[in-house]
Amino acid sequence: MRDSVSLRLRSVGRVLGAEVLGTGEHPLLRIHSGVVGLRQEHFEDGLDIDLYVDNNTHMTTTDIPVVEFRPNRLEVLVCGPIELRAVVRRSCRRDHVGLAIRIMSYCGKQSFAGCTFDLGGGGLSFTTSEKLNFAAGENVRIELMVLEKRVLASARVAWVANKDGIRHVGLAFVEVDRAGHDHLYQFIYGLQRQKQAH
C-alpha cells in the first residue's frame, strides 16, 4: 500500500502532496499530478516529510537530502531510510458534529463540498468522497453552515488521510470572518456545554 505524504521544500517553503513508491536506502517519492514549475534547484536544501495517518496520528521527519529530481515523471529520489517520529497535536478540544462545509482553494482551481466530523475553537476535520489535491500546510477558504447561517473563514490544511475511499482532512483556523465569528464560537461553546451537562 502506498502512503500519501506531504513534502515541504526547504529552499522555497512550498508544500506538495506525494506518494511513497519505494523504501530502503534511496526511497522514491512521486509528486501528485498537476504540479508545475518545479526545478532541481528547488530541492537543493532538502525537504521535510509529513505522514498523516488519521485524525490523531501525525508523523514527521525533517531535513531529508534529495539525490535526484525527475521532472518528467514528477519523481524525487531521496537519501533514506525515511524515519518518521510522532508529533504532539492539537491543544483545543473538539466535539463531534456534522455540518455542511465547502472548501475553496485560493487559486480558484478547486472547490468541493464535504461534511464536518468534528469542530472546535482551533479548527475542524471533515470527510469527502471527492478527489483532493490539497497538501498539509496549504491555505484554503471555507464556508460553513452553522444553524442556517453562513460562516466564512480562512484555514490551513493540517493533515490529509485516505480511508476506504473517503478523504479525511484536518483544518486549523487562520481567521474567521468578523460577520460570523461570534455566531461560530457561540455554537462551539453551546456544544461543549451540552456535552458537559451529560
With charges set only on the Cβ (+1 for Lys and Arg, -1 for Asp and Glu), what does the dipole of the range 151-198 come to about its Cα centre, in debye to the nearest 20?
160
Between D177 and residues 5 or more places away or on another chain, which pairs have amide H atoms under 5 Å apart, with H built 1.01 Å from N, and which residues are they?
L152, A153, S154
Applying 1/(1 + (r/R0)^6) with R0 = 35 Å to the Cβ-Cβ distance of R30 and Q194, what FRET efficiency is obtained, to the nearest 0.05?
0.15
If packing is taken as the average count of other Cβ atoms within 10 Å, what order do 116-129, 19-32 fall into, highest mean first?
116-129, 19-32
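Between D177 and N162, what length comes free when the chain is fully extended (0.36 nm per residue of separation minus the Cα-Cα distance, one decimal in nm)?
Numbers: separation 15, 0.36 × 15 = 5.40 nm, distance 2.96 nm.
Fully extending the segment from D177 to N162 adds 2.4 nm.
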Karplus (6.51, -1.76, 1.60) ³J(HN,Hα), θ = phi - 60°, over the range 68-77, in Hz, Gly and Pro reported as x:
7, 10, 10, x, 5, 10, 6, 10, 10, 9
Treat each spin label as a single point 7 Å out from the Cα along the C-beta direction, and report the S105 to T23 distance in nm.
3.1
Going highest first, how would you order 69-76, 175-182, 130-137 by mean Cβ packing within 10 Å?
130-137, 69-76, 175-182
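All of the numbers you see were taken from the coordinates with simple rules; none came from a lab. Computed from a predicted model, the values in this text were never measured in an experiment. Cβ coordinates were reconstructed from backbone atoms using ideal geometry, including for glycine residues, and neighbour counts include every protein chain displayed.
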